[in-house]
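To keep things clear, I will list the structure first and then write my remarks on it.
The values are calculated or read from the model by the stated rules, or taken from the named source; none is laboratory data. The model shown is predicted, which means the values in this text are computed figures rather than measured ones. Every residue, glycine among them, receives a Cβ derived from its backbone with ideal geometry; neighbour counts consider all protein chains shown.
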Amino acid sequence: MRELSLHILDLVQNSLEAGATRVSLEISEDLRADRLVIRVEDNGRGMDEELRRRVLDAFTTTRTTRRVGLGLPLLAAAAEHCNGGVTVESAPGKGTVVTATFQHSHIDRAPLGNMVATLMTILTANPAVRLEYAHRVDEREFRFDTQEIKEQLGDVPLTYGPVLQWIREFIAENLAALYVSAPEQPEGENHAQDQVH
């Protein structure tokens, strides 16, 4: 996939298909350590140990619509190609945690992509699901929790047009602010901020 945000969408879709009502998405960009970490945790059905061990195999899937599951294997291949990897922690009834790590500056690392559009896609397609999002760039952090917004809105739905517009602008402004004072990277390194909007 050309953007990591597409992998993130796939991971969240897996969580929702596993019956998750809460999804926690964390992105950590440690520029000094040259690491990018993407972590998706859910409260879905989880997997038994046998399925957990096989889930990175392209021919393992629980979906009935297709026999090949490429999402996690493709993510793992992309991470391993960039001096990283993917781990999957899961247990039946306890949910799943998928963590992908990349060398942040690796020339072959795909850009993070349009996280504003990714988050808005998740929100609008799944307004009943609680989405917790945290994005860190070194010491700077942006956090977002749909549950907190719903509590403030009362009876106004999360999908109401003006609310969605405010959420989009709120996310875009805060993600952009993460990179305002980010240290300069040597020329040729990936700049996730180029893809935030």
I need a count of the residues in region 90-103 that are touching a Gly at 6+ places or on another chain (Cβ under 9 Å) and either buried (at least 20 other Cβ atoms within 10 Å of the Cβ) or modelled with pLDDT under 95 (or both).
9
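Rundown of residues vs (1) free of Cβ contacts under 8 Å to residues at least 40 places away in the same chain; (2) out of contact with any Asp or Glu (no Cβ under 8 Å at 6 or more places or on another chain), yes/no style:
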| position | (1), (2) |
| --- | --- |
| Glu89 | yes, yes |
| Lys94 | no, yes |
| Asp108 | yes, yes |
| Glu132 | no, no |
| Arg136 | no, no |
| Glu141 | yes, yes |
| Phe144 | yes, no |
| Leu164 | no, yes |
Kindly indicate whether Leu175 is buried (at least 16 other Cβ atoms within 10 Å of the Cβ), within 20 Å of Gln13 (Cα to Cα) and either out of contact with any helix residue (DSSP H, G or I) (no Cβ under 9 Å at 6 or more places or on another chain) or modelled with pLDDT of 95 or more (or both).
no
Within region 36-43, is even one residue modelled with pLDDT under 95, more than 22 Å from Asn126 (Cβ to Cβ), under 18 Å from the mean Cα position of the chain (by Cα) and not acidic (Asp, Glu)?
no
Residue list for region 108-131, filter: in a strand (DSSP E or B) and more than 21 Å from Leu72 (Cβ to Cβ)
Arg130
Here's a check for you: in region 140-158, which residue that is in contact with a Lys or Arg (Cβ under 9 Å, 6 or more places away or on another chain) and part of a strand (DSSP E or B) is farthest from Ile171 (Cα to Cα)?
Asp145
Quick one: which of Ser5, Ser28 is among the polar types (S, T, N, Q), touching a residue at least 24 places away in the same chain (Cβ under 8 Å), out of contact with any Cys (no Cβ under 8 Å at 6 or more places or on another chain) and not in a strand (DSSP E or B)?
Ser5
Single residue of region 81-107 satisfying the filter (hydrophobic (A, V, I, L, M, F, W, C) and assigned to a strand (DSSP E or B)) that is farthest from the chain's Cα centre (by Cα):
Ala91
Quick check on my filter: what residues within region 146-159 are touching a helix residue (DSSP H, G or I) at 6+ places or on another chain (Cβ under 8 Å) and without any contact (Cβ under 8 Å) to a residue 24 or more places away in the chain?
Thr146, Ile149, Leu153, Val156
